[in-house]
Every structure is written in C-alpha cells, then in structure tokens.
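Taking it in order: structure first as structure tokens, then the write-up.
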Amino acid sequence: MSERDILESVPFFREALDDQELTILAGHARTHRLEAGENLIAEDRPGHSMFVIVDGEVEVTASGDKDPIARLGKGAIVGEMSLLTGSPRNATVNAVGKVEVLEVDKAALANVLWMSSSLVDRFVEMLFRRQLELDRAMGGVAWGTLRPGKAELAHMIRTFYERAE
C-alpha cells in the first residue's frame with residue numbers, strides 16, 4: 001500500500017484534503033517500524049508529527065491512570081493535536097508488538113497548508129468531530145483533551161505554522 005493510499009484510507013485526511021493535497025502530503029510522509037515495547041510518543045514531550053498505524057497495535061497510556069487508555073490498530077491516528085498546534089503530547093504511545101507507522105511531520109503538512117488557505121478550517125472541523133468521537137468512546141469528556149473554541153484552535157494552528165521551516 002502506498003503512502004497516498006494509506007493517507008486516503010484515514011478519514012482524518014480523506015475528509016480534509018483534496019486529491020492534490022493528499023498526493024503532496026504523501027510525498028513527504030515517512031514509514032517507520034517499531035519493535036514491541038518501543039516508544040512512539042512520550043507524554044508531555046514536544047512533538048511536531050502525527051502517525052497513522054499501518055500495521056500492528058499500539059497502547060496509549062497517561063500518567064495517573066492505572067490502566068491503558070486505549071489500544072489502537074491499523075488505520076488509527078495518534079499525535080494529530082501536537083502536529084497541528086505544537087502542543088505537548090498528552091499521552092504515551094508504545095508498540096504492543098511489531099508496528100509499522102506512517103509519519104506526517106510539520107514540514108510535510110506545511111507544504112500543503114501553504115497551498116490552501118481553507119485547509120486550517122477543514123482541519124479544525126475534523127478535530128472537533130474527532131473530539132466528539134473520543135468523548136463518546138470514553139463515556140464523557142475524553143482524557144487530556146485541548147478544549148479551545150474553533151476560532152482559537154484555528155488561530156493556534158495558523159500561529160504554529162507561521163514558524164514552519
């Protein structure tokens with residue numbers, strides 16, 4: 001499966017990006033492989049990328065919680081808030097077994113954001129829909145979530161990407 005096919009299979013990207021934007025983003029995405037127990041994301045650390053789980057499973061944990069928050073597999077995404085806003089990671093994500101992920105980093109997304117003035121607003125809508133899904137899945141307000149309004153979130157994204165290299 002190509003990087004573009006992987007991105008297109010994920011609603012977060014498929015619903016926010018057009019064909020040209022998907023192709024450009026895929027051209028800058030990178031595949032990584034992890035072994036069981038390897039750390040993908042560390043809570044409270046800076047992060048300027050997100051990951052699509054291509055194969056395998058990851059476990060999501062947060063400090064203060066005795067049990068894992070989630071176990072995610074193929075097609076799941078992690079790290080999108082840090083990618084879009086530069087906010088610190090709000091959970092730790094470790095490989096359960098062998099895992100393959102596709103990384104989309106700030107530089108890759110910047111190429112697409114610079115092309116489309118409306119893309120930030122499309123991502124904001126996607127983040128709000130995703131937040132509702134997380135809230136429903138968690139039976140209330142999901143853990144570690146950022147709660148700005150849509151205008152504030154759009155401003156955070158635009159400000160973070162003004163500093164893109």
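List of remarks:
- Region 44-82: trypsin sites (Lys or Arg not before Pro) in DSSP coil with no more than 16 other Cβ atoms inside 10 Å: LYS66, LYS74
- Once the C-beta distance of ALA151 and HIS28 is scaled by a Förster radius of 30 Å, the resulting FRET efficiency is 0.60 to the nearest 0.05.
- For the chain, the spread of Cα coordinates along the three principal axes comes to 42, 36, 28 Å, biggest extent given first.
- Helical runs assigned H by DSSP (4 residues or longer) give the chain a calculated mean residue ellipticity at 222 nm of -11500 deg cm²/dmol, each run adding -39500 (n - 2.57) before division by the residue total.
- Reachable aspartates and glutamates from LYS98, criterion Cα separation under 17 angstrom, eight or more residues apart if same chain: GLU35, GLU38, ASP55, GLU57, GLU59
- Residue order for THR92, THR23, fewest other beta carbons within 10 angstrom first, comes to THR23, THR92.
Bear in mind these aren't lab numbers, they're just calculated from the coordinates by the rules spelled out. As the structure is a prediction and not an experimental result, all values here were calculated from the model. Neighbour counts run over all protein chains shown; Cβ positions are idealised from the backbone, glycine included.
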